[in-house]
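The values are calculated or read from the model by the stated rules, or taken from the named source; none is laboratory data. The shown structure was predicted, so the numbers you read here are calculated from the model rather than taken from an experiment. Because the Cβ atoms are built from the backbone with ideal geometry, glycine has one as well, and the counts that use them run over all protein chains shown. With ligands, DNA and RNA removed, areas are computed over all heavy atoms of the protein, side chains included. Shrake-Rupley method; radii C 1.70, N 1.55, O 1.52, S 1.80 Å.
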Amino acid sequence: MGVPMGFENALKKVLSVEGGFVDIPEDKGGPTNYGITMQTFEVHMGKYVTKEDLKNIPMNIVENIYRNLYWDRMRLDFVEYEPLAEAMFDQGVNRGVGQVSREIQRLVNVKDDGVVGSITLGAINSMVGRNLLISFIKKAQLYYARIVQNEPNQGIFLVGWLKRTHKLFPEDL
């Protein structure tokens, strides 16, 4: 099963690349703080939030959002190869949990319904983690390239997206 410190380590890594409050007009996700969009913050809070609310989001809420809406939703405590769990978490934050869940399901040849359940976890854990991680990162890079191919104005983000995927490789790989 997953390493007890898995979520905490993954969260530190995601927060190091997400940074603080940003509001870039070209970013389709709109304003974010610690990588959390206003829409995600509103879903978590169950009410309307302002940019000012997002700017002042408390760290305990950031942690709860990431734990509940990303890590736990993909059941990453049960992914045995920690670098893969961290990569899935990172990409779930950046590209969406549904997208990442379906992508990993296609890579392990199970029904791509977007729900990481026991069948998906069994398939993930039956594979060589390093090999699956490399395939997963490659798919992420192709995903970003397709975005820019289809929407050239998103090209301003491509180098950052690709650098982000490079950080998903463990040091010993």
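Full extension of the chain between Tyr48 and Val128 yields a length gain of 24.4 nm, computed as 0.36 nm times the residue separation minus the alpha carbon distance.
A crude spin-label estimate for the pair Glu8 and Asn68, with each label 7 Å from Cα along the Cβ direction, gives 2.2 nm. P(r) for the range 114-173, from all Cα pairs and a bin width of 10 Å, is 20, 39, 30, 12, 0 %, short bins first.
Taking Cα atoms, how many degrees apart are the long axis of helix 6-18 and the longest axis of the chain, rounded to 10 and kept between 0 and 90? The answer is roughly 50 degrees. The calculated 222 nm mean residue ellipticity attributable to helices in the chain amounts to -17000 deg cm²/dmol, summing -39500 (n - 2.57) over DSSP H runs of n ≥ 4 and dividing by all residues.
For Ser126, the accessible area of its heavy atoms, probed at 1.4 Å with every protein chain present, is near 90 square angstrom. The mean accessible area for residues of the chain, using a 1.4 Å probe and ignoring ligands and nucleic acids, is 53 Å² per residue.
Normalised by residue count, the range 89-131 yields a Cα convex hull volume of 67 Å³ per residue. Here the chain yields Rg over Rh of 0.96, to two decimals, using C-alpha coordinates and the Kirkwood radius.
Which entries in the list Lys28/Lys167; Lys111/Lys139; Lys28/Lys51; Lys13/Lys167; Lys28/Lys139 go over 19 Å, if you measure between the two C-alpha atoms of each?
Where the Cα-Cα span goes over 19 Å, the pairs concerned are Lys28/Lys167; Lys28/Lys139.
Nonpolar atom fraction for the range 8-68, defined as the carbon and sulfur part of the 1.4 Å probe accessible area, stands at 50 percent.
Ligands, DNA and RNA left out, the 1.4 Å accessible surface of the range 84-157 is 51% carbon and sulfur atoms.
Put simply, the C-alpha atoms of the range 42-129 give a gyration tensor, and the ellipsoid matching it has half-axes of 29, 13, 10 Å, longest first.
Rg and Dmax over the alpha-carbon atoms of the range 1-91 stand at 13.6, 41 Å.
When the chain is treated as a Gaussian network with alpha carbon springs shorter than 10 Å, the biggest mean-square fluctuation among Ala87, Ala140, Ala123 belongs to Ala123.
Please identify every one of the chymotrypsin sites (Phe, Trp or Tyr not before Pro) in the range 1-63 that sits in a loop by DSSP and has no more than 10 other beta carbons within 10 Å of its own beta carbon.
Passing sites in the range 1-63 are Tyr48.
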